[in-house]
1. Considering (1) touching a residue at least 60 places away in the same chain (Cβ under 8 Å); (2) surrounded by 15 or more Cβ atoms within 10 Å (Cβ to Cβ); (3) within 28 Å of GLU270 (Cβ to Cβ), say which one ALA177 fails and leave the rest.
2. Quick one: would you say GLU79 is farther than 22 Å from GLU150 by Cα, loosely packed, with under 15 Cβ neighbours inside 10 Å and free of Cβ contacts under 8 Å to residues at least 60 places away in the same chain?
3. What residue, among those in segment 150-169 that are part of a helix (DSSP H, G or I) and of a type in the set (D, E, K, R), is nearest to the chain's Cα centre (by Cα)?
4. Pairs, please: C-beta under 7 Å, at least 6 apart or cross-chain, first residue among the charged types (D, E, K, R) and in segment 87-109, second exposed (fewer than 13 other Cβ atoms within 10 Å of the Cβ) and not in a helix (DSSP H, G or I)?
5. Restricting to segment 311-358, give me the number of residues that are assigned to a loop (DSSP other than H, G, I, E, B), out of contact with any helix residue (DSSP H, G or I) (no Cβ under 6 Å at 6 or more places or on another chain) and more than 24 Å from ASP300 (Cα to Cα).
6. Going through segment 1-54 one residue at a time, which ones are among the β-branched types (Val, Ile, Thr) and either surrounded by fewer than 16 Cβ atoms within 10 Å (Cβ to Cβ) or more than 39 Å from the chain's Cα centre (by Cα) (or both)?
7. Can you tell me how many residues in segment 10-32 are more than 16 Å from PHE149 (Cβ to Cβ) and not in a loop (DSSP other than H, G, I, E, B)?
Amino acid sequence: MKLITLLGTGKYEETVYRWAEREKSTRFIQEALVEWLQPKTTCVLLTQGARNKNWGACRPLLEGKTNIQEVDIPDGKSEQELRQIFSAIDRVVEEGDTLAFDITHSFRSLPMITLLVIAYLKQVKSVQIAHLLYGAFEAKNEKGQTPVFELTPFVELLDWLTAAKMFIATGDSRELAGLLEKEQNTAWRLQQPNAPRRLKSLANALKKVSSNLLLSRVPLLAESVKSLRPAIEDAQAEIGEHATPLIPLLKQIEQAYRPFEHDDLQTQLELIGWYLERGHVVQAMTLAREWLISYQVQLDGQDANNLDRREDAARTLNEAHHNRADDLLTKVWGRVIELRNDIAHCGFGRAEGQVLKAEDIIEQAREVYGQLRDIWEKRALNVGARRRHAPTETGTGDRR
């Protein structure tokens with residue numbers, strides 16, 4: 001473990017620091033933390049003022065107990081100096097380090113800088129944050145004991161923030177699922193009272209929906225979405241006790257996935273749009289091809305899940321395209337297969353200078369989606385007109 005601690009310029013008094021069941025009487029919390037945590041290395045951040053005023057008294061208390069690394073930092077009186085402090089902390093941290101941060105003697109904006117550094121290091125260097133500690137001298141009790149607050153749960157909010165950002169941007173809730181699993185596993189490992197039993201079931205439900213979405217398992221998607229709602233309801237109480245950062249997201253999760261509780265052409269068309277909104281162009285164009293085939297099969301009055309009928313429909317569309325048929329369905333089919341094939345072949349097989357740029361693919365995919373909606377809306381109008389003249393006519397099973 002590596003301890004990163006800040007030393008200030010204050011006139012520190014002797015006090016009894018208390019952390020959980022541990023106590024240590026000292027002027028400098030660094031002495032207590034080195035005794036309690038036994039870090040291999042202790043990085044002490046020092047301004048020139050702190051070095052002159054307190055380091056001479058503090059350093060001897062640490063020598064022989066940990067490898068001491070002195071880290072000079074500026075006072076943090078300007079944006080440039082704050083960036084220098086950020087960089088100074090970054091330089092002493094290595095990939096995969098397990099870290100403990102002490103912000104007892106930090107000053108002005110340094111606690112905020114420390115949190116930003118932690119967020120950065122967790123993402124960029126895959127560090128593990130074992131502890132974020134603060135010795136609250138101002139909260140000293142009548143016995144003269146100064147509590148040391150464990151602020152690590154607030155660091156874990158950064159993990160929830162990252163997972164929430166991924167879900168909102170991409171619709172992928174697997175990071176959220178991983179945090180739910182972690183909460184349940186940790187509670188049982190620590191033998192906490194009322195340890196949760198349903199968070200992992202909810203995690204599995206979230207992972208199943210996300211996997212079906214991102215791997216385009218469209219026939220399985222509706223069932224997995226329907227299973228999610230009872231999983232959320234069953235875990236509601238445990239979320240409130242053990243995974244409170246998830247509470248504000250629950251409504252968003254349900255709203256994001258609810259449209260896919262059905263498995264029909266309208267839902268699949270909405271799914272294509274959902275993919276495009278979240279940058280999943282490959283899945284969108286892959287599904288667009290299958291959607292057109294399903295559409296053609298249903299035009300022919302056949303079962304869209306029958307493989308032979310799907311192959312027949314694809315041949316019908318290919319022949320119409322080959323014969324340069326002028327209807328919208330055939331034109332869109334031609335665009336979709338060309339775009340989908342270009343994506344599937346990763347741009348290979350085209351002459352130099354003819355490889356589609358990524359931004360062109362995205363633009364064309366959006367245009368295709370608009371044309372698919374035109375096809376669907378015209379079909380809905382035609383079906384509606386037929387129904388007005390033939391009230392007993394049955395539909396094809398699609399929602400409208």
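1. Answer for ALA177: the failing condition is (1).
2. Working: farther than 22 Å from GLU150 by Cα: yes; loosely packed, with under 15 Cβ neighbours inside 10 Å: yes; free of Cβ contacts under 8 Å to residues at least 60 places away in the same chain: yes.
So GLU79 fits the description; yes.
3. In the first step, residues of segment 150-169 are kept if they are part of a helix (DSSP H, G or I); the result is 152-169.
Going one step further and asking which of them are of a type in the set (D, E, K, R), we end up with 156, 159, 165.
Details: GLU156: 13, ASP159: 8, LYS165: 5 Å.
Among them, the one singled out is LYS165.
4. GLU95/SER126
5. 12
6. So the first thing to find is which residues in segment 1-54 are among the β-branched types (Val, Ile, Thr), and the list is 4-5, 9, 15-16, 26, 29, 34, 41-42, 44, 47.
Answer for segment 1-54, where residues must be among the β-branched types (Val, Ile, Thr) and either surrounded by fewer than 16 Cβ atoms within 10 Å (Cβ to Cβ) or more than 39 Å from the chain's Cα centre (by Cα) (or both): THR9, THR15, VAL16, THR26, THR41.
7. Residues in segment 10-32 being more than 16 Å from PHE149 (Cβ to Cβ) and not in a loop (DSSP other than H, G, I, E, B): 4 in total.
One line per residue, one yes/no per condition, for (1) touching a residue at least 24 places away in the same chain (Cβ under 8 Å); (2) polar (S, T, N, Q):
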residue: ALA243; (1), (2): yes, no
residue: LEU246; (1), (2): yes, no
residue: GLN252; (1), (2): yes, yes
residue: PRO259; (1), (2): no, no
residue: GLN266; (1), (2): yes, yes
residue: ILE272; (1), (2): yes, no
residue: ARG278; (1), (2): yes, no
residue: VAL282; (1), (2): yes, no
residue: MET285; (1), (2): yes, no
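We did not get these values from a lab; they are worked out from the coordinates using the rules stated. These numbers were taken from a predicted model, which means no experiment stands behind them. Because the Cβ atoms are built from the backbone with ideal geometry, glycine has one as well, and the counts that use them run over all protein chains shown.
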